[in-house]
Amino acid sequence: MHLDHIYIKGFRNFKEVTVYFNKHSLVIGANDVGKTNLIYAMRLLLDRGLSDYDYELSDSDFYAYEDTNEVIIRIYFKEVKDDCIVARMPGKISDDNQLVLQYKATRNNKKVDYQFFCGKSDSDEDLGQIDSPFYRKFLNLKYISSRRDFWGFINNNSTLSF
């Protein structure tokens, strides 16, 4: 299984963008181009360490350069064949082993509502709303905030090897 691409609309400095990944990708770039915002968008869908409070976006999380009241973050996975994921997400994975996860936040009179979706594709027929990001129990990422923390994490985690 691998992350194929991410679609972001209306989030921080992203008006609307699709970022494609290879099986091994590195995110690099100049300051203030959105690297951290890209990672945070992924975290909204995949980081078990985020609380319910973190999902309630603030005004500064909505697109910065035009008035917008909606944020959509959609992650596309390919080659989803892992038994632990397939067994826990019946009907959510396509016949060609694709999975889509979506976070949607809507701002209305300073109140922000958010929803999670999961499905075989991003079509309205396939992408169904779910009560919570339950999938994070078995499909998640571990965010490490700095290089120093990264090496400490590697050194203290005996299950990782390179």
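Things worth noting here:
- The value for the chain of Rg(Cα) / (2.2 N^0.38 Å) is 1.07.
- Surface exposure of the range 1-138, expressed per residue as accessible area with a 1.4 Å probe, stands at 59 Å².
- Viscosity 1.002 mPa s, temperature 20 °C, Stokes-Einstein D of the range 29-82 from Kirkwood C-alpha radius, µm²/s: 161 µm²/s
- Helix-derived mean residue ellipticity, 222 nm - over the chain, DSSP H n ≥ 4, -39500 (n - 2.57), to 500: -5500 deg cm²/dmol
- Spin-label model, Val17/Glu56: points 7 Å from Cα along the beta carbon direction are separated by 2.8 nm.
- Atom-type composition of the exposed protein surface of the chain places 45 percent of the accessible area on carbon and sulfur (1.4 angstrom probe).
The values are calculated or read from the model by the stated rules, or taken from the named source; none is laboratory data. Everything quoted here is computed from the prediction, not taken from an experiment. Quick reminder, even Gly has a Cβ in these numbers, built from the backbone with ideal geometry, and neighbours come from all protein chains shown. Remember, those area values only see protein heavy atoms, side chains included, never the ligands or the DNA or RNA. Shrake-Rupley method; radii C 1.70, N 1.55, O 1.52, S 1.80 Å.
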